[in-house]
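Written out below as structure tokens is the structure these notes cover.
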Amino acid sequence: MLDILKGPVLSIQEFFQLTGRTLKNLPKRPHYPRDILNQMDILGVGSLPIVLLVGFFSGVVMALQMSRALRTYGAVSQTGPIVAITLVREMGPVLTSIVVAGRNAAGIASELGSMKVTEQIDAMRALGTDPVQKLVKPRLIATAIMLPCLTAIADFVGLLGGYLIAYGVLKLTTSEYWNGAYRAIEYNDIAQGLIKPFIYAMVISMVGCFCGLRTTGGTQGVGLATTQAVVVSSVWIFVLNAFITQIFVTL
Amino acid sequence: MRFERVTVDFGGQPALDDVSFDIRNGESRVVLGESGSGKTVILKTAIGLLHPSKGRVFLFNEDITGRREQEMFSIRARVGMLFQESALFDSLTIEENVSYPLVNQKSIQLDEEQTHQRVEEALTFVELGHTLEKFPSELSGGMRRRVGIARANVTEPALVLYDSPTAGLDPITANNIMALLVKERDLRNATTVIVTQRFQDGQIMAKYRFDRDSGELRAASSDGGSVSGLKFMVMREGKLVFEGTREELGLSTDPYISKFVLRH
Ligand SMILES: Nc1ncnc2c1ncn2[C@@H]1O[C@H](COP(=O)(O)OP(=O)(O)OP(=O)(O)O)[C@@H](O)[C@H]1O
Ligand SMILES: [Mg+2]
């Protein structure tokens, strides 16, 4: 029984060691700004199309679904506020993070994993660079900056999607929808909507890096590490989301 | 470089088992052994990429056992290493690969111009001066190996470690690579450690010297004797089973050891 638990417990311990080392190294030089910018490009610009699509259609679907429920109370005019609140608080952060997890946790894990199995990580260490500084830190910083931005963009196109339905299908006026949405959102919601992706960004980048760096066993190992990175980071995002929501609800 | 009763464990049978040896400044060493005998592990342990579970490792007379990663960089800067599969960074060009240690090692302060010049020199030395802008994936295995050699030597380290420099290459290319290593060794008087499965590699290391005047390899001595300060080691399943000169190696009657010696 203890033997079964030993593996996962050791992994979790190693994961927090890596995270601790990365956070401790954050203020330390060298910072490799070029790598950070490069990662921001891959992560942010690269994920933009899919984030736009997912954000837009979740706004559309939400407006359609909510309008049915609201109609039974004769409150179709409340579509704006409801779409805004669900998007900013929950759907925007979680959906964007899941999409980015699928795309970038996998990307990070497979890239670092291939570097590990071809001895490039060892070579890096031999040639005077710390992989934590050179590989992990830029990815953490880039994700932590880009994911909240992507979430804000997804929120906005989601609202836009909701507006198209509200205006075209539900026959609300433009000002009815946008004023309602604008008034419904409080500072609390915006805080929640930005803190969440910030935390999930740490999960995505650290899980991706961790799975990549501990890859063993050739190309097959790389595939395994990639799958693991996506599954583990997605599960963590959902679990953490429940906790963070709970905290904000009781605030 | 000195190992004192070093054991390296990955769980299961130890990869290195109670290994002790000493390589002095300016000497060279050829490490033979079949696949999986622990040759790569020796080199990685020597520069602190792997950590021994028992014993002590010394590099330039400093005890590096159990040193933290951050404290290793200054001493690693004095060592060059060629990895078994070259381990070039495939997202970087050949020029960026070779300049990597120059740019990233704190002890080296060169401006862009000087860096470029050093890289070009190092690549010209391995006869690849025309590939600066290419990516590693565009080169053949032998060319990648030579880029790896240039990268290991570009900082002019006092100690150079070569992991299987000829593995997977045809005999002609392999001999060319060995000639390069001899040239590199004799021009800079660097301490050289070569890990290999091919006894011929050791022969070349032992029999030839680079002659500066003619720019060619010459027999080290007229009677077929060996380069001084060169010793052989033979590894078997993590154990060091032989250490001595080429002549002693030739006299060994142990069947495993003499497997590595070609008798003409
Ligand atoms: N990172 C590692 N994790 C687990 N076991 C390892 C690791 N590295 C090496 N080993 C084991 O250590 C032993 C020695 O491996 P090593 O790579 O040193 O062999 P080698 O002599 O270099 O062989 P080759 O000539 O094929 O390169 C092998 O049994 C190998 O399985
Ligand atoms: Mg090897």
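The values are calculated or read from the model by the stated rules, or taken from the named source; none is laboratory data. Small disclaimer: the values here were computed from a predicted structure and weren't measured. When we count neighbours, we look across all protein chains shown, and the Cβ atoms used for this are built from the backbone with ideal geometry, even at glycine. Accessible surface is based on the protein model in full, side chains and every heavy atom, while ligands, DNA and RNA are left aside. Shrake-Rupley method; radii C 1.70, N 1.55, O 1.52, S 1.80 Å.
Give the dimensionless ratio obtained when the Cα radius of gyration of chain B is divided by 2.2 N^0.38 Å. That works out to 0.99 for chain B. Dividing the Cα radius of gyration of region A:32-250 by its Kirkwood radius returns 1.09 for Rg/Rh. Note on chain A: with neighbouring protein chains present and a 1.4 Å probe, carbon and sulfur make up 70 percent of its accessible heavy-atom surface. Only helices enter the 222 nm calculation for chain B: every DSSP H run of n ≥ 4 contributes -39,500 (n - 2.57), and dividing by all residues gives -10000 deg cm²/dmol, rounded to 500.
Summed over both chains, the contact between B and A buries some 1700 Å² of accessible surface at a probe radius of 1.4 Å. Per-residue ellipticity at 222 nm from helix content only, as computed over chain A with -39500 (n - 2.57) for each DSSP H run of at least four residues, stands at -26500 deg cm²/dmol.
For chain A, averaging the sequence separation of C-alpha pairs within contact (under 8 Å, six or more residues apart) and dividing by the residue count gives a relative contact order of 33 percent. Here the contact order of region B:88-156, divided by its residue count and restricted to Cα pairs under 8 Å and six or more residues apart, works out to 48 percent.
The Rg/Rh ratio for region B:1-132 is 1.01, where Rg is the radius of gyration of the alpha carbons and Rh is the Kirkwood radius.
In this structure region B:88-156 gives 49 Å² per residue of accessible area when probed at 1.4 Å with all protein chains present.
Largest first, the three principal axis extents of the alpha carbons in the protein assembly as shown are 106, 57, 37 Å in whole numbers. The residues of region B:98-121 occluded by other protein chains by 10 Å² or more of accessible area, set against the chain on its own, are B:Tyr100, B:Pro101, B:Asn104, B:Gln105, B:Lys106; surface from heavy atoms, 1.4 Å probe. Going from the isolated chain to the complete set of protein chains, region B:66-89 loses at least 40 Å² of heavy-atom accessible area (1.4 Å probe) at B:Glu69, B:Gln70, B:Phe73, B:Phe83, B:Ala87, B:Phe89.
Working from the alpha-carbon coordinates of region A:193-248, get Rg over Rh, Rh being the Kirkwood radius. Computed over Cα atoms, the ratio is 1.10. Calculate I(q)/I(0) for region B:59-202 by the Debye formula, one identical point scatterer on each C-alpha and no solvent, and give its log10 at q = 0.15 Å⁻¹ to two decimals. The calculated log intensity ratios at q = 0.15 Å⁻¹ are -0.75. Bin width 5 Å, origin at 0, all Cα-Cα pairs of region A:103-218: what percent of pairs per bin? In whole percents, the pair-distance histogram is 2, 11, 15, 15, 12, 10, 9, 8, 6, 5, 4, 3, 1, 0. In region A:112-134, comparing the full protein assembly with the chain on its own, the residues that lose 30 Å² or more of accessible surface at a 1.4 Å probe are A:Glu119, A:Gln120, A:Asp122, A:Ala123, A:Arg125, A:Ala126, A:Leu127, A:Gly128, A:Thr129, A:Asp130.
Each Lys and Arg adds +1 at its Cβ and each Asp and Glu adds -1 at its Cβ; summed about the Cα centre, region A:83-200 shows a dipole of about 80 debye. The label point for A:Tyr187 and the one for B:Glu34, both projected 7 Å from the Cα toward the Cβ, are 7.4 nm apart.
Amide H neighbours of B:Phe242 under 5 Å, at least 5 residues apart or on other chains, H built in the peptide plane: list them. Residues meeting the amide H criterion: B:Val234.
Give me the distance between the Cα centres of region A:146-213 and region B:1-32, rounded to whole Å. Rounded to whole Å, the Cα centres lie 58 Å apart.
For region B:11-56, the fraction of 1.4 Å probe accessible surface lying on carbon and sulfur atoms is 43 percent.
Of the candidates B:Glu69, B:Glu34, B:Glu95, which one comes out as most mobile in a Gaussian network treatment of chain B with C-alpha springs shorter than 10 Å? Greatest mean-square fluctuation among the candidates belongs to B:Glu69. Taking B:Val30, B:Val241, B:Val193 in turn, the Gaussian network model of chain B (Cα-Cα springs below 10 Å) assigns the largest fluctuation to B:Val241. The length gained by stretching the chain between B:Asn61 and B:Ser107 to full extension, at 0.36 nm per residue less their Cα-Cα distance, is 14.6 nm.
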